[in-house]
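Okay, so here's the structure we're looking at.
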Amino acid sequence: VDAQPREDVDGIRKALVRQLAQSVLWADTIRAMRAANCQLFLECGPGKVLTGLNKRIDKSATSLALSDADSLREALNTTEEE
């Protein structure tokens, strides 16, 4: 809704309700998370759509897609090396 973090339950609920009818601000969300020093993004589930978007938004961030046990193991090995 506004790419802002939420910590309180009521704020999360209100944002989720607003999100049902508004655009997803994915690029703004990734930029806000990078500004908060998030460096690793993991996409869980089939596909790599968000991982691809993240790489276009910020090439310096690490984005990995986790679709099965093998990809999870690979991601764990990658993050241990960094």
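Here are a few things to note about the model shown:
- Surface per residue (accessible, 1.4 Å probe) for the chain, Å²: 75 Å²
- Computed over the chain, relative contact order equals 23 percent, with contacts defined as Cα pairs under 8 Å that lie 6+ residues apart.
- Once the chain from Arg31 to Ser67 is taken as fully extended at 0.36 nm per residue, the excess over their C-alpha distance is 10.5 nm.
- Peptides 13-20, 26-33 ordered by packing proxy, namely the average of other Cβ atoms within 10 Å per residue, highest first: 26-33, 13-20.
- Scaled radius of gyration (Cα, divided by 2.2 N^0.38 Å) that the chain gives: 1.23
- Label point distance in nm, Ser60-Glu7, each placed 7 Å from Cα along Cα→Cβ: 2.6 nm
- Within the accessible area of the chain (1.4 Å probe), percent carbon and sulfur: 56 percent
The values are calculated or read from the model by the stated rules, or taken from the named source; none is laboratory data. Every value quoted in this text rests on a predicted model; they were computed, and no experiment measured them. Backbone-built Cβ (ideal geometry, glycine too); neighbour counts: all protein chains shown. All accessible areas refer to the heavy atoms of the entire protein, side chains included, with ligands and DNA or RNA removed. Shrake-Rupley method; radii C 1.70, N 1.55, O 1.52, S 1.80 Å.
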